[in-house]
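Colleague: Attaching a single structure in structure tokens format; questions to follow.
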Amino acid sequence: MSLIPGTLFGKTAITLTVAFVYFTVFTFTAVVYYVQVPVAREAADDLATFLVMVGRTWAVLPPFDRARYAEEVLRGHEIAVSTEPDPLPARPPYRPFLSLVEAAIEGRTGGGPVTLGTSRVDGVEWYWLELESAGGPLRVGFPESRLGARIPIALGSVLLSTTALVLVTAMSLARRITKPLSLLAAAAERIGRGQLTEPLPESGPAELAALTRRFNAMAHQVRELLANRTTLLAGISHDLRTPLARLRVALEMLPPEAPVELLEGMRRDLEEMNRLIGEALELGRGLASPVLEEADLSELVTGVVESARRLGGAVRWTPAGPCPWQVNVAALRRVLDNLMGNALRYGQGGVVRVELECAEGQATIRVLDRGPGIPPEQREAVFRPFYRLEGSRSADTGGSGLGLAITRQLADANEWQVELVDREGGGLVARVTLPARPGPRGRTRGV
């Protein structure tokens, strides 16, 4: 599994985030190295110099002046001088500035390593330095308030806030760029499924607005082409059915001595022509907006099965429990009728089995037959108008070649998925998958 996102939004967000984070880290490092560290080192050097100076001054003063000097230094500079005989307090937790102070003191005293101790006096943290003097060990200390700015805390806060700002900015920029493209992709997918779409807002950057404008123009042209196609097919249907009606009348008016076989053949041809015209017209109208209504899929399938049985079909179906669903009832009934008719026609006289599976989020209807099946390389081709499988489905028993085309078009228009797969033990499974749709007040309507 790749960690790199595949969407344009993800790639754009990652690219912007990496660029901004690199810039932030570089700037942060440069500020720390060239500004914060020199300033901290200079401040530590000044504090170390003052501490050493206070200790040495106190050591050379006469004993009667030391107390007054210590009081003045404490009051004016927050520096304490002590000759307590107790051991040096424990070392404070690591702080970068204190390490700089220790290093600076070592440079001033010229002695060995210097270690600061810490103690709490009246709720205030104090840091102590032990110096050698003629009168014995001498301690010089300063409170935590002398440390001034909390450089690590400040730098950490800046880094965190900058990182958060970088992420928000990257996401915002990526969304601004990719949102219009996502809308275009979704609209193009709807058009590809045969669903007409409303014009998209022509806003945003000039390039994306121009792209959206061209897409809206294309969608308008597609809408007009579909309307013209439907009008043309309706006109052809009307123009053809009128002479067909006259032929029926003429057929009925033929003299009684006309051959019965000839008359029956002509009637069958007229009915076939009328059916072909109806299917062609329905194929042209297949892109109409779906009308959703609440229905029980179990009852709907039962109705389709009973209709097939009345026509002499052998169908095995065990009604399942209630399966309420938001669905285009007329379209789904036509899809199931087509699949059932194909299964009965090409199932070689075997029993057709129907299954309904209701699950959270989707429902699946399967029509299973024991016919010769369809080669895998032709399972998409059979959904094209007028495509026929010669050999496995002969012209004598075959239909017009529009049934599966109408099925796929209705499924696409309603966002269903129709698949043809092999049945275990031989035969074909026609599977229709219906995703759940949001119902009233945003509820998902399903099982």
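To keep it simple, each residue is scored yes or no on (1) at pLDDT below 75; (2) assigned to a helix (DSSP H, G or I); (3) touching a helix residue (DSSP H, G or I) at 6+ places or on another chain (Cβ under 6 Å).
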position	(1), (2), (3)
E125	no, no, yes
L138	no, no, yes
S157	no, yes, no
S161	no, yes, no
A170	no, yes, yes
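Colleague: Here is a check on your reading of the model: is V37 at pLDDT below 85 and surrounded by 12 or more Cβ atoms within 10 Å (Cβ to Cβ)?
Modeller: Yes: the conditions hold for V37.
Colleague: If a residue must be loosely packed, with under 12 Cβ neighbours inside 10 Å and either outside any loop (DSSP other than H, G, I, E, B) or under 60 Å from the mean Cα position of the chain (by Cα) (or both), how many such residues does the range 72-91 contain?
Modeller: Counting residues in the range 72-91 that are loosely packed, with under 12 Cβ neighbours inside 10 Å and either outside any loop (DSSP other than H, G, I, E, B) or under 60 Å from the mean Cα position of the chain (by Cα) (or both) gives 4.
Colleague: Under the condition of being in a loop (DSSP other than H, G, I, E, B) and within 60 Å of the chain's Cα centre (by Cα), which residue from the range 107-123 is modelled with the lowest pLDDT?
Modeller: Result: P113.
Colleague: Could you go through the range 299-307 and let me know if any residue there is exposed (fewer than 15 other Cβ atoms within 10 Å of the Cβ), under 34 Å from the mean Cα position of the chain (by Cα) and over 23 Å from A413 (Cα atoms).
Modeller: no
Colleague: Can you find a residue that is farther than 21 Å from I406 by Cα and either in contact (Cβ under 8 Å) with a residue 60 or more places away in the chain or assigned to a loop (DSSP other than H, G, I, E, B) (or both) anywhere in the range 372-383? Spell out the reasoning first.
Modeller: In the first step, residues of the range 372-383 are kept if they are farther than 21 Å from I406 by Cα; the result is 372.
Filter once more, so that each one left must be either in contact (Cβ under 8 Å) with a residue 60 or more places away in the chain or assigned to a loop (DSSP other than H, G, I, E, B) (or both): 372.
Yes, some residue in the range 372-383 is farther than 21 Å from I406 by Cα and either in contact (Cβ under 8 Å) with a residue 60 or more places away in the chain or assigned to a loop (DSSP other than H, G, I, E, B) (or both).
Colleague: The conditions are (1) crowded, with 19+ Cβ neighbours inside 10 Å; (2) modelled with pLDDT of 90 or more, and R393 fails exactly one of them. Which is it?
Modeller: Checking R393 against (1) crowded, with 19+ Cβ neighbours inside 10 Å; (2) modelled with pLDDT of 90 or more, the one that fails is (2).
Colleague: Can you run down the residue pairs with Cβ atoms below 7 Å, 6 or more apart or on separate chains, where the first is in the range 205-226 and among the charged types (D, E, K, R) and the partner is surrounded by 11 or more Cβ atoms within 10 Å (Cβ to Cβ) and at pLDDT 80 or above?
Modeller: Going by the 7 Å Cβ cut-off, the qualifying pairs are R213/E202.
Colleague: Then there is this: Kindly indicate the residue of the range 308-346 that is among the polar types (S, T, N, Q) and part of a loop (DSSP other than H, G, I, E, B) and also surrounded by the most Cβ atoms within 10 Å (Cβ to Cβ) among those meeting that condition.
Modeller: Within the range 308-346, the first condition is being among the polar types (S, T, N, Q), and the residues that meet it are 318, 326, 328, 338, 342.
Restricting the remaining residues to those that are part of a loop (DSSP other than H, G, I, E, B) gives 318, 328.
On the way: T318: 8, N328: 23.
Applying the filter and picking the extreme gives N328.
The values are calculated or read from the model by the stated rules, or taken from the named source; none is laboratory data. Keep in mind the model is a prediction, meaning the values are calculated, not measured. Positions of Cβ are backbone-derived with ideal geometry, glycine not excepted, and every protein chain shown enters the neighbour counts.
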